[in-house]
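What follows is one structure encoded as structure tokens, with my remarks underneath.
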Amino acid sequence: MSGFQPDHPHAEVRLSPNFGLRREGVKPDMIVLHYTGMETGEGAEAWLCDPASEVSSHYLVHEDGRIVQMVRESDRAWHAGKSSWRGQTDINSCSIGIEIVNPGHAFGYRSFPRRQMEAVIALCQGIAKRHNVPPERVLAHSDVALGRKVDPGEKFSWRTLHEAGIGHWVAPSPRNGRREMQPGEVGNAVEELQSMLALYGYGVEITGHFDAQTAVTVQAFQRHFRTSCVDGVADASTISTLRRLLSSLEGSLD
């Protein structure tokens, strides 16, 4: 196959060989957002299309707003790696992956330009409409790959997406300095926190012990929903924001 008709009307096509069939007839109902984490967008695009890399994404969004499609939405791109959400472990089969050009934390992490964000929004709107993606299944790579990935990171504006009708979000509860729970603590309150995180979708084990895995999960939650401080401490702001997110879903996670 030398090329294909793009699913997004304004996308350029650059075919990546790194894809396969979605397993067991699974259809995509999730969008996973990444940053490229490389020094240049051109380098990232080339890497995602290099058979030696064994990675790909359905789309790449450059900083100037250009959209490149590398894998058809009907196919399974190799973007999520080892990951899970709400018990699903083959995230590649149930998702559309979007790489957003940004050097990331290793190469001078910076804010995402307005034109790029506008392109991401338009792309997500089309994908969500085509595949009936619910808001709570528009996720960060860091949400589904706990402790392994941190992208697209705390400078990505989930609020901007939400205001355009993409993704689940509530305004984070104000920070008041109260430290509710932190690593090393045990008890019912920790078990309740873990249960709420797991109910939302995070792959955290419910043990009642605020261990390293729990701290990493809290960090991932903060990186998406409470970006003013990403420290893995479940303070009052973090817990309140999580409760309000769950409440706003009104049973849709049952």
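The values are calculated or read from the model by the stated rules, or taken from the named source; none is laboratory data. The model shown is predicted, which means the values in this text are computed figures rather than measured ones. Cβ sites come from the backbone with ideal geometry, for glycine too, and all protein chains shown count toward neighbours. Side chains included, ligands, DNA and RNA excluded: accessible areas come from the protein's heavy atoms. Shrake-Rupley method; radii C 1.70, N 1.55, O 1.52, S 1.80 Å.
The helices (runs of 4 or more DSSP H) found entirely in the range 118-226 that carry 3 or more residues being open to solvent by 50 Å² or more (accessible area, probe 1.4 Å) and under 24 Å from residue 9 (Cα atoms) are 158-163.
I'd like the full set of residues that are of a type in the set (A, V, I, L, M, F, W, C), closer than 23 Å to residue 101 by Cα and open to solvent by 30 Å² or more (accessible area, probe 1.4 Å), limited to the range 16-49.
19, 38, 46, 47
Does residue 98 qualify as being among the hydrophobic types (A, V, I, L, M, F, W, C), outside any strand (DSSP E or B) and open to solvent by less than 30 Å² (accessible area, probe 1.4 Å)? No: the conditions fail for residue 98.
Criterion applied to 99, 54, 73, 118 was being in contact with a Leu (Cβ under 6 Å, 6 or more places away or on another chain) and touching a residue at least 24 places away in the same chain (Cβ under 8 Å), and the one residue passing it is 99. Does at least one position in the range 72-94 carry a residue that is more than 18 Å from the chain's Cα centre (by Cα) and either open to solvent by less than 20 Å² (accessible area, probe 1.4 Å) or of a type in the set (A, V, I, L, M) (or both)? Looking for residues that are more than 18 Å from the chain's Cα centre (by Cα) and either open to solvent by less than 20 Å² (accessible area, probe 1.4 Å) or of a type in the set (A, V, I, L, M) (or both), one finds at least one in the range 72-94, hence yes.
Are any residues in the range 227-250 assigned to a loop (DSSP other than H, G, I, E, B), open to solvent by 40 Å² or more (accessible area, probe 1.4 Å) and not hydroxyl-bearing (Ser, Thr, Tyr), and if so, which ones? Answer for the range 227-250, where residues must be assigned to a loop (DSSP other than H, G, I, E, B), open to solvent by 40 Å² or more (accessible area, probe 1.4 Å) and not hydroxyl-bearing (Ser, Thr, Tyr): 230, 231, 250. Close contacts from the range 153-171, counting a first residue that is among the basic types (Lys, Arg) and a second that is surrounded by 16 or more Cβ atoms within 10 Å (Cβ to Cβ) and at pLDDT 95 or above, with Cβ to Cβ under 9 Å and a gap of 6+ residues or different chains, come to 155/102; 155/109; 155/112; 155/227; 159/169.
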